[in-house]
Amino acid sequence: MALLPVSDALDRLLKISVPATRLEMIGLHEAMGRVLANDVTALVTHPAFDNSAMDGYAGCHEDFANIGTELVVIGESAAGRGFSGHVGRGEVVRIFTGAPVPAGADTVLIQEDAEKLADSRIRTTFALEKGRHIRRKGQDFAIGDIVLRAGDVLDAGRLTVAAAMNHPQLPVLVRPKMAILATGDELLPPGSVPGPDQIIASNTYGVAAIARDNGAEVIDLGIVRDDKAAIAAAVSTARAAGADVLVTLGGASVGDHDLVQSTLVESGMVLDFWQIAMRPGKPLMVGSLEGMTVLGLPGNPVSSLVCALLFLEPLLRHLGSLPRRDRSGQAKTVTALPANDKRQDYVRARLTRGDDGVLHAETFSRQDSSMMKVFAQSDCLIIRPPHAPAVDAGATCDVMILR
């Protein structure tokens, strides 16, 4: 099978994956980052009554039209404890922010513009227009208003207005479920004491973190040995759990010890493609198994993470109806870059901002796909298209922002 360009591979991956339509009701405290399934209408009016925007005195505009008017304070209106009487000409009510505007009052004079006198009286020191410093009933929203729309991603502002609309719960799309399976006789979980032929499994944790960061629920199937029956059993577990995506780590090639692809095909997977024209990450596999998208990531840790950012992140955001995350940027190279071959190259680099305010990308001297420390220290990946010519230091290049 010919090597696919990165953009073509991503298009094909997204085409075989259908976004979720099922919804669930969840409480506001759990709703951050979730996607609304339906429009949300207000159950109450806000503000529920005319209220003061400032601490001051509520009265009739005619009494506030001129400086030096003396007025008598006949009562007080505080939040949760309004003034029940009526304000007439020559009268004011001491009022506090958020308190109901009493009957008869149409304007609020802020306390800084009132001089206190003896015998519960004040004198105006500022003239103001009618209606000043009053928040009108329903000026934010009224009962029945559609305030939030289906597809909105819930954030602090949207959760605040949902609470103000008197919604304790909201209808959201279910999060995509992603099962993750690491394979290899040589792998041990962190905390183990590896033997001479064994290594600590690491890919799972980075890939799972990317998945959770993009709205997915992660099901960890653990480490499975290089055995077809064990791999098939793990795949069955993913299907039984209702996984929308199965991510496999390693073993997707066609070598004697690479059993994942053949086992999945024998289990009913329709293979769409494998092998991408990119570096790192060439041995990437995509298929579908009875509605479950299968994404086989390379075994090398850096290859696995780069592919997860390029393919898994947009896949999960597509399934969860989240907006695409834009990691694109540009930077000037600190060193010269050689000509590239037929594969799109993703070169690890540090980012700094120069005195001119422009980002500068400095590549690491070693780019081996097993070197996790270098990836952890990288801020971006310089993108070198297939057959890109050599460039001198200071050239502007496209980058993929990592952090």
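Each value in this text was obtained by applying a stated rule to the coordinates, not by laboratory testing. Model, not experiment: these values are computed from the prediction. Counting neighbours? That spans all protein chains shown, and the Cβs are built from the backbone with ideal geometry, glycine included.
Tell me, yes or no, whether the range 55-66 has at least one residue that is of a type in the set (Phe, Trp, Tyr) and part of a strand (DSSP E or B).
Going residue by residue through the range 55-66, those that are of a type in the set (Phe, Trp, Tyr) are 57, 64.
In the following step, the residues that additionally are part of a strand (DSSP E or B) were identified as 57.
Looking through the range 55-66, at least one residue is of a type in the set (Phe, Trp, Tyr) and part of a strand (DSSP E or B).
For the range 120-159, enumerate the residues that are assigned to a loop (DSSP other than H, G, I, E, B), among the basic types (Lys, Arg) and closer than 23 Å to Cys60 by Cβ. Can you show your working first?
Our first condition is that a residue be assigned to a loop (DSSP other than H, G, I, E, B); within the range 120-159, this holds for 120, 125-133, 136-140, 142-145, 149-152, 154-155.
From what's left, among the basic types (Lys, Arg): 130, 132, 136-137, 149.
Hits for the range 120-159 are Lys130, Arg132, Arg136, Lys137.
Show the residue pairs that are 6+ apart or on different chains and have beta-carbon atoms under 7 Å apart, the first residue being within the range 9-26 and in contact (Cβ under 8 Å) with a residue 60 or more places away in the chain, the second being loosely packed, with under 15 Cβ neighbours inside 10 Å.
Met25/Gln169; Ile26/Gln169
Search the range 297-309 for residues being out of contact with any helix residue (DSSP H, G or I) (no Cβ under 6 Å at 6 or more places or on another chain) and either farther than 14 Å from Gln367 by Cβ or hydroxyl-bearing (Ser, Thr, Tyr) (or both), and hand back the single one that is surrounded by the fewest Cβ atoms within 10 Å (Cβ to Cβ).
The initial filter retains those residues of the range 297-309 that are out of contact with any helix residue (DSSP H, G or I) (no Cβ under 6 Å at 6 or more places or on another chain), namely 299-300, 303, 306-307, 309.
Now drop any that are not either farther than 14 Å from Gln367 by Cβ or hydroxyl-bearing (Ser, Thr, Tyr) (or both), which leaves 299, 303, 307, 309.
Working: Gly299: 25, Ser303: 24, Cys307: 28, Leu309: 21.
Checking each candidate, the answer is Leu309.
Tell me, yes or no, whether the range 200-222 has at least one residue that is surrounded by 18 or more Cβ atoms within 10 Å (Cβ to Cβ), farther than 27 Å from Ala376 by Cβ, of a type in the set (Gly, Ala, Ser) and touching a Leu at 6+ places or on another chain (Cβ under 8 Å).
Taking every residue of the range 200-222 in turn, none turns out to be surrounded by 18 or more Cβ atoms within 10 Å (Cβ to Cβ), farther than 27 Å from Ala376 by Cβ, of a type in the set (Gly, Ala, Ser) and touching a Leu at 6+ places or on another chain (Cβ under 8 Å).
Please work out which residue is surrounded by the most Cβ atoms within 10 Å (Cβ to Cβ), limiting yourself to the range 340-370 and to residues that are hydroxyl-bearing (Ser, Thr, Tyr) and either in contact (Cβ under 8 Å) with a residue 24 or more places away in the chain or in contact with a Ser or Thr (Cβ under 6 Å, 6 or more places away or on another chain) (or both). Don't jump to the end; show me each part of the working.
Of the range 340-370, the ones hydroxyl-bearing (Ser, Thr, Tyr) are 346, 352, 363, 365, 369-370.
Next, from what is left, pick out any that are either in contact (Cβ under 8 Å) with a residue 24 or more places away in the chain or in contact with a Ser or Thr (Cβ under 6 Å, 6 or more places away or on another chain) (or both): 346, 363, 369-370.
Values: Tyr346: 27, Thr363: 19, Ser369: 22, Ser370: 13.
Restricting to residues being hydroxyl-bearing (Ser, Thr, Tyr) and either in contact (Cβ under 8 Å) with a residue 24 or more places away in the chain or in contact with a Ser or Thr (Cβ under 6 Å, 6 or more places away or on another chain) (or both), the top hit is Tyr346.
Determine whether the range 106-126 contains at least one residue that is at positive phi and surrounded by 15 or more Cβ atoms within 10 Å (Cβ to Cβ).
Within the range 106-126, the first condition is being at positive phi, and the residues that meet it are 119-120.
Next, only the ones that are surrounded by 15 or more Cβ atoms within 10 Å (Cβ to Cβ) stay: none.
No, that holds for no residue.
Is at least one residue of the range 219-235 touching a residue at least 24 places away in the same chain (Cβ under 8 Å), touching a His at 6+ places or on another chain (Cβ under 8 Å) and under 18 Å from Val40 (Cα atoms)?
Narrowing the range 219-235 to residues touching a residue at least 24 places away in the same chain (Cβ under 8 Å): 219-228, 231-232, 234-235.
When the remaining residues are screened for being touching a His at 6+ places or on another chain (Cβ under 8 Å), the result is 226.
Now restrict to residues that are under 18 Å from Val40 (Cα atoms): none.
Looking for residues that are touching a residue at least 24 places away in the same chain (Cβ under 8 Å), touching a His at 6+ places or on another chain (Cβ under 8 Å) and under 18 Å from Val40 (Cα atoms), one finds none in the range 219-235, hence no.
Exactly one of (1) under 11 Å from Gly98 (Cβ atoms); (2) among the hydrophobic types (A, V, I, L, M, F, W, C); (3) surrounded by 19 or more Cβ atoms within 10 Å (Cβ to Cβ) is unmet by Ala79. Its number?
Going through (1) under 11 Å from Gly98 (Cβ atoms); (2) among the hydrophobic types (A, V, I, L, M, F, W, C); (3) surrounded by 19 or more Cβ atoms within 10 Å (Cβ to Cβ) one by one, Ala79 breaks only (3).
Report yes if Leu271 is under 26 Å from the mean Cα position of the chain (by Cα), among the hydrophobic types (A, V, I, L, M, F, W, C) and under 26 Å from Pro386 (Cβ atoms), otherwise no.
Details: under 26 Å from the mean Cα position of the chain (by Cα): no; among the hydrophobic types (A, V, I, L, M, F, W, C): yes; under 26 Å from Pro386 (Cβ atoms): yes.
The answer is no for Leu271.
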